[in-house]
Amino acid sequence: MSRIGKHPIPLPAGVTVTIAGSEITVKGPKGELKRTIHREMAVAADGKQLSVARPSDEARHKALHGLTRTLLRNMVQGVSAGYTRTLEIHGVGYKAEPEKGGLKLTVGYSHPVSVKAPPGITLTVDNNTVIRVDGVDKEMVGQVASELSKVRPPEPYQGKGIRYQGEHVRRKAGKTGATAKA
């Protein structure tokens, strides 16, 4: 049996799960998420926990078993506690400013870059250099954080750019100096 898939998913207080065929709906205090799972996976809910079963021991069923369980656990955790990714902006004059529905990033280009938050995602700015991406969908939070980082990825010579909090940027040595002329 799958090591991950065999574990039941505990349901916190205030979280309800509705199963309609292969459509799973999870509601909680932070919001609601829907997902269609693979039709061969069987999901059962008994009020306090959620469990996933597979039809056979084929390799693809084993893989789907663990995947389905992990996706459902992420949904339960998202609607009960939510997800957060934190990004830092490094560089002289680099900053982020909140604007209606998103952010305005000043990160060394000739123009500010506007970023709009998709529905269900909240973008907040602390001290003009720390961006928090909050939401109930783990995939969406990670995707938005990745897109923000790609606006100005950290460069290896001076370390300027947008990076995840705690991310280590490997630095390169620059030029060593003037060369001797012959």
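The values are calculated or read from the model by the stated rules, or taken from the named source; none is laboratory data. A quick note: this is a predicted structure, and the numbers were derived from the prediction, not measured. In this analysis, Cβ positions are derived from the backbone assuming ideal geometry, glycine residues included, and neighbour counts consider all displayed protein chains. Just so you know, the surface numbers come from the protein's heavy atoms only, side chains and all, with ligands and any DNA or RNA stripped out. Shrake-Rupley method; radii C 1.70, N 1.55, O 1.52, S 1.80 Å.
Could you work out how far helix 59-80 tilts from the main Cα principal axis of the chain, as a 0 to 90 degree angle to the nearest 10?
70 degrees
Report the relative contact order of the stretch 63-181, percent, no decimals, based on alpha-carbon pairs under 8 angstrom and at least 6 residues apart. Please list the in-between numbers first.
Values: 192 pairs, mean separation 31.3, N = 119.
Relative contact order for the stretch 63-181 comes out at 26 percent.
Based on the alpha-carbon gyration tensor of the stretch 81-133 and its eigenvalue square roots a ≥ b ≥ c, which shape applies: rounded if a/c is under 1.5, prolate if not and a/b is larger than b/c, or oblate? Intermediate values should be presented prior to the final figure.
Values: a/c = 2.65, a/b = 1.49, b/c = 1.78.
It is oblate, given that a/c is not under 1.5 and a/b is not larger than b/c.
Could you report the accessible area of Tyr83 in Å², rounded to 10, computed with a 1.4 Å probe on the protein chains as they sit in the structure?
Answer for Tyr83: close to 30 Å² accessible.
What order do Glu99, Glu139 take when sorted by accessible area (1.4 Å probe), most exposed first? Don't jump to the answer; show the numbers that get you there.
Details: Glu99 65, Glu139 105 Å².
Heavy-atom accessible area, descending, gives Glu139, Glu99.
Counting only the heavy atoms of the protein chains, how much of Ser56 is accessible to a 1.4 Å probe, in Å² to the nearest 10?
40 Å²
Which values, in whole Å and largest first, are the semi-axes of the equivalent ellipsoid of the stretch 85-182 obtained as the square root of 5 times each eigenvalue of the Cα gyration tensor? Intermediate values should be presented prior to the final figure.
Working: eigenvalues 196, 43, 21 Å².
They are 31, 15, 10 Å, listed from largest to smallest.
Sort 142-150, 63-71, 40-48 by the packing proxy (mean of other Cβ within 10 Å over each peptide's residues), most packed first. Can you show the working numbers first?
Numbers: 142-150: 17.0, 63-71: 19.2, 40-48: 13.9.
Ranking the peptides 142-150, 63-71, 40-48 by packing returns 63-71, 142-150, 40-48.
Of all accessible surface on the chain at a 1.4 Å probe, what whole percent is carbon and sulfur?
Details: 5720 of 11170 Å².
Ligands and nucleic acids excluded, carbon and sulfur give 51 percent.
At 222 nm, what value in deg cm²/dmol follows for the chain if DSSP H runs of at least 4 each add -39500 (n - 2.57) and the sum is divided by all its residues, to the nearest 500?
Numbers: 2 runs with 36 residues, N = 182.
Theoretical 222 nm ellipticity from helices: -6500 deg cm²/dmol.
Normalised by the residues of the stretch 1-108, what does the relative contact order come to in percent, with Cα pairs under 8 Å and at least six apart? Don't skip to the answer; put the middle values down first.
Working: 160 pairs, mean separation 28.2, N = 108.
Reported as a whole number, the value is 26 percent.
Report the Rg/Rh value for the stretch 1-62, based on alpha-carbon coordinates and the Kirkwood definition of Rh.
Working: Rg = 12.4 Å, Rh = 12.6 Å.
Over the Cα atoms of the stretch 1-62, Rg/Rh equals 0.99.
How do Leu33, Leu103 rank by accessible surface area computed with a 1.4 Å probe, from largest to smallest? Please list the in-between numbers first.
On the way: Leu33 25, Leu103 0 Å².
The most accessible residue leads, giving Leu33, Leu103.
Return the Rg/Rh value of the chain, two decimal places, where both radii are evaluated on C-alpha atoms and Rh is the Kirkwood radius.
On the way: Rg = 22.1 Å, Rh = 19.2 Å.
For the chain, the value is 1.15.
Compute the long axis of helix 138-151 from its Cα atoms, compare it with the longest principal axis of the Cα atoms of the chain, and write down the angle in degrees, 0 to 90, nearest 10.
10 degrees
Answer with one residue from His65, Pro118, Val76: the one whose Cα lies farthest towards the positive end of the charge dipole of the stretch 60-122, charges on Cβ with Lys, Arg +1 and Asp, Glu -1.
Result: His65.
For the stretch 45-131, take the convex hull of the Cα atoms, compute a quarter of its surface area, and give me that in nm², please. Walk me through the numbers on the way to the answer.
Working: hull surface 37.2 nm².
Averaged projected area of the stretch 45-131's Cα convex hull equals 9.3 nm².
Give me the distance in nm between label points sitting 7 Å out from Cα along the Cα-to-Cβ direction at Val113 and His38, one decimal.
Between Val113 and His38, the label points sit 3.7 nm apart.
Among the listed pairs Lys100/Lys172; Lys30/Lys62; Lys95/Lys116; Lys27/Lys104; Lys30/Lys160, give every one whose C-alpha distance is greater than 28 Å.
On the way: Lys100/Lys172 38 Å; Lys30/Lys62 31 Å; Lys95/Lys116 16 Å; Lys27/Lys104 32 Å; Lys30/Lys160 35 Å.
Where the Cα-Cα span goes over 28 Å, the pairs concerned are Lys100/Lys172; Lys30/Lys62; Lys27/Lys104; Lys30/Lys160.
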